[in-house]
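Here's the structure, in structure tokens; my notes come after.
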């Protein structure tokens, strides 16, 4: 570093030595002047920061020191005056002693002594007053310093109190704003409560009206049923009497001869002389010879092709009471009922909203549909009104079936539960809940016993006793990838038809938990969890629709061979049902992804 670095504005060497001593830097350590200046500046800054709280005390101390120095100087001045007076008195005393012999000086000496004594007394009193005033000044200075300290403390307290007051004011302002918000919310809640009260009042009035209407409808229904029962009894009586007459005529026809016997045989028909046509290839002859009920006619061609829904349909069911009705459910949140005799739309039931309907069933005057909104709706077919909305599942309801008699409903859900509902009264009740470890995709009920069956996502099927609320049977891992459809065989509830995501149909004996027959084809595909299959009314055949091509496959259950393959759907078939035929003989219905319903002849 050059000597020119030591310019006048830099700190002197004494200050650098002071900084070295304060920082504990040894003298033999050489530091540049810039570093020393920075260190000195830091020390001064620290001193200013540390001495700032004691400035008032230092000023008070300096004032007291100056005052004490002033008093001390005055005391020294008084002492000097006192010594000078003593010297004057001594000189006077000497002069008095020298002139003691003079008689004339006696009076002067006495007067002088009195004056000296007086001066001494005045001086002593003055010194005492000065000392007293100095003591009072010191005491006043102490009191002033003490007052200044107390004042500083009080000012600090006042500053803290002001800060606390400001904070309290902020809190009060916040609380006032919160109070205003709470008041506004309370007013809004009051208005909402008033609105809810009005809505509840209107709903209660509407409920009263609906209750009255329901009571009237129930009374009318009961009276109508009583009338129908009376008519049915009269019809049974008439049928019995006519049956007796027919039997009597038949006996006469068998015994009659000649023209009378021929007349009776012509009226009643002679079945023994009829020759059945065994040509299966002639569909017209086959249609003429169909006998409905448990007899089965294989589907051959589309009878009616109907655009049932605007969106894809998921399920199709025939009326369980052998009436000429078929019901469908779709993603457009509607259930539609069609007349199988002419293919006309008979009724449409809406679930409201946009949640798709997944399952449907129909029996007599009851139509029920379940879907993704976790509820199952029950409608009355004649009045077109919803009579129940079954709520209790925590996930979407995937399947629904009516028990025989239309008084109970069973539903399966993705919440891994199966629930039984009693709908025989005005208010529905949930009677039983079956718990299991897998989502149920499908359910069915046996018409002969109070047994329910469910097919699950884990590939197994389970049977439930509705009376004892116990699990009657569990057949796990029947299919790979899940069971999409289950059905009891007509008249033989111990045999079960299942459809699985492994694209196979299986006939299972529930008594031995064994697979009797496996039905499959290389072109048959099951692609959805609700793909359905069905027994024929006599149980001799099984049918299902393919999820990719839309073809309908019909197998012989006894041999396992494919009997027929029908191609009319333009896209994958999702649902298939095989009914008893009603009065017009139409038995098979299928529906595809585009919402097209085909009633097969």
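Relative to the longest principal axis of the Cα atoms of the chain, the long axis of helix 13-23 lies at roughly 50 degrees. Both numbers refer to the Cα atoms of the chain; Rg and Dmax are 58.8, 219 Å. As a length-normalised measure over Cα pairs under 8 Å and 6 or more apart, the relative contact order of the chain settles at 9 percent.
Taking the longest Cα principal axis of the chain as reference, the axis of helix 33-51 is set at about 90 degrees. Dimensions of the range 496-550 from C-alpha coordinates, computed as largest minus smallest value along each principal axis and given longest first, are 34, 22, 20 Å. Classify the range 301-600 as rounded, prolate or oblate, taking a ≥ b ≥ c as the square roots of the eigenvalues of its Cα gyration tensor: rounded when a/c is under 1.5, otherwise prolate if a/b is larger than b/c and oblate if not. Judged from the Cα gyration tensor, the range 301-600 comes out rounded (a/c under 1.5). Could you work out how far helix 105-255 tilts from the main Cα principal axis of the chain, as a 0 to 90 degree angle to the nearest 10? Helix 105-255 sits roughly 0 degrees off the main axis of the chain.
Looking at the range 301-600, the DSSP beta bridges with both ends there are about 100 percent antiparallel. When each of the peptides 34-41, 124-131 is scored by the mean number of other C-beta atoms lying within 10 Å of its residues, the order from highest to lowest reads 34-41, 124-131.
Shape verdict for the range 520-601, please, from the Cα gyration tensor: rounded (a/c under 1.5), prolate (a/b greater than b/c) or oblate. Taking the square roots of the gyration eigenvalues as a ≥ b ≥ c, the range 520-601 is oblate. Taking a ≥ b ≥ c as the square roots of the eigenvalues of the Cα gyration tensor, an a/c ratio of 1.5 or more together with a/b no larger than b/c marks the range 442-503 as oblate.
No value in this document is a laboratory result; all are computed from the given coordinates. From a predicted model like this one, the values you see are computed outputs, not experimental measurements. Note: ideal-geometry Cβ built from the backbone for every residue, glycine included; neighbour counts use all protein chains shown.
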